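Have a look at the structure below before the remarks.
The values are calculated or read from the model by the stated rules, or taken from the named source; none is laboratory data. The structure presented is a predicted model; accordingly, all values stated were derived computationally and were not measured. For neighbour counting, all protein chains shown are included, and Cβ atoms are generated from backbone atoms with ideal geometry for every residue, glycine included. We work out accessible area using only protein heavy atoms, side chains counted, and drop any ligands, DNA or RNA first. Shrake-Rupley method; radii C 1.70, N 1.55, O 1.52, S 1.80 Å.
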Amino acid sequence: MDIENPSAPSRAQSRDTGKNHPSAGGLVHDHTRHTTRFTVIGNHLTQHPELSLLAIGLACHIQSLRMGARVDIKTLAARFPESRDRIAAALRELEAHGYLRRERERTGGGRIVTRTVSCNQPGRGGEQDAPHAPKPARRKKAPPKPLPPVPRPAYPAPALIQQATDFLVALRTHDRSLLLSEQDVAHLAPGVAAWLERDVLPTTVREALTRDLPSPLCRPAALLAHRLTAQLPPPPPVRPPTPPPPVRHPLQNCDACDRAFRAPGPGHCGECRSDLQGVHLAWR
């Protein structure tokens, strides 16, 4: 009969439930300490509450790269299976949260290059360490360019200018992008009047100004001013005045021979006037 071993446990002992061995399931870490080829990444990135999983993974990849590595969209799309649109969206996320920033620098040869700066702790280091550095002056928005000149009518009658103004105001009913300001209408009205003065029908003017409009139309008044000048038709040919019809006098009876002849009033016919002139000359 076998002798019972008093040191043997009566039943299998359960594993010690330490903090690395949760008793109710969940994640268990099996860690080995790295000594080479590793990157230190903060939990503020890997557990970021707002970044997408793609953005977090992309940030970890970028932080593991050497200095000078290319991290443009084309290079990253060739490295990973995600599309360019998804990678571009992830890069924008990282820029919005401070993990990436783009800086433009001028090289010695005069070229301007864009450098991508990876920040492993946004808000610390880099530009954030120099709060007293002067901010670059913001460029003032350039004033809009003046409208191109337009042709002028030879005789700017008030009725003609008013007709041109009404024509320009009505263009917005043809195309909503041709909504003009009051100042634009006042500038363009003489140009339209010059077309109307040259016997061009309003429908023809509208067709010439609104054909093949670009989309989007940024400055409609500038486009109309250019077309009014570049496509101005020549003046109509000068027509000689029509001669008046010949005057047809009524019939008259000659006072001497009673013949009928045409004349503006009573008197002698041509033959009797010749005879009378001959008698008068002979008497003298």
Exercise. Let a ≥ b ≥ c be the square roots of the eigenvalues of the Cα gyration tensor of the range 209-284; is it rounded (a/c under 1.5), or, if not, prolate (a/b larger than b/c) or oblate?
Worked result: prolate
Seminar exercise, completed: Classified through the alpha carbon gyration tensor (a ≥ b ≥ c as square roots of its eigenvalues; rounded if a/c is under 1.5, else prolate when a/b is larger than b/c, else oblate), the range 55-102 comes out oblate
For this session: Could you order peptides 65-73, 254-262, 184-192 by the average number of other Cβ atoms within 10 Å of their residues, highest first?
Result: 184-192, 254-262, 65-73
Problem set entry | Per-pair calculated FRET efficiency, R0 = 22 Å: L54 and T32 via Cβ, rounded to 0.05 | 0.20
Exercise. For the range 179-284, what % of the accessible area comes from carbon and sulfur atoms, probe 1.4 Å?
Worked result: 57
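How much length is gained on full extension from K145 to Q162, taking 0.36 nm per residue of separation minus their Cα-Cα distance? Walk me through the numbers on the way to the answer.
Details: separation 17, 0.36 × 17 = 6.12 nm, distance 2.64 nm.
Working it through step by step, the gained length comes to 3.5 nm.
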Problem set entry | Solvent-accessible surface (1.4 angstrom probe) belonging to D212, in square angstrom, nearest 10 | 130
Exercise. What accessible area per residue, rounded to a whole number of Å², is obtained for the range 177-284 using a probe radius of 1.4 Å?
Worked result: 70
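Within the range 155-222, report the trypsin sites (Lys or Arg not before Pro) that DSSP leaves as loop and that have at most 12 other Cβ atoms within 10 Å.
R211
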Problem set entry | Average Cα contact separation per residue, the range 15-114, under 8 Å, 6 or more apart, as relative contact order % | 18
Exercise. Is the shape of the range 20-74 best called rounded, prolate or oblate, per the rule: a/c under 1.5 gives rounded, else a/b larger than b/c gives prolate, else oblate, with a ≥ b ≥ c the square roots of the Cα gyration tensor eigenvalues?
Worked result: oblate
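If I take every Cα pair under 8 Å that is 6 or more residues apart in the range 165-283, average their sequence separation and divide by the length, what percent do I get for the relative contact order? Spell out each step's value before the answer.
Working: 87 pairs, mean separation 19.6, N = 119.
With pairs under 8 Å counted, the relative contact order is 16 percent.
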Problem set entry | Computed lengthening from T46 to H174, 0.36 nm per intervening residue step minus Cα-Cα distance | 40.5 nm
Exercise. Considering the dipole of the range 134-284 built from charges on the beta carbon (Lys and Arg +1, Asp and Glu -1) around the Cα centre, which of P250, P236, T210 is farthest to its positive end?
Worked result: T210
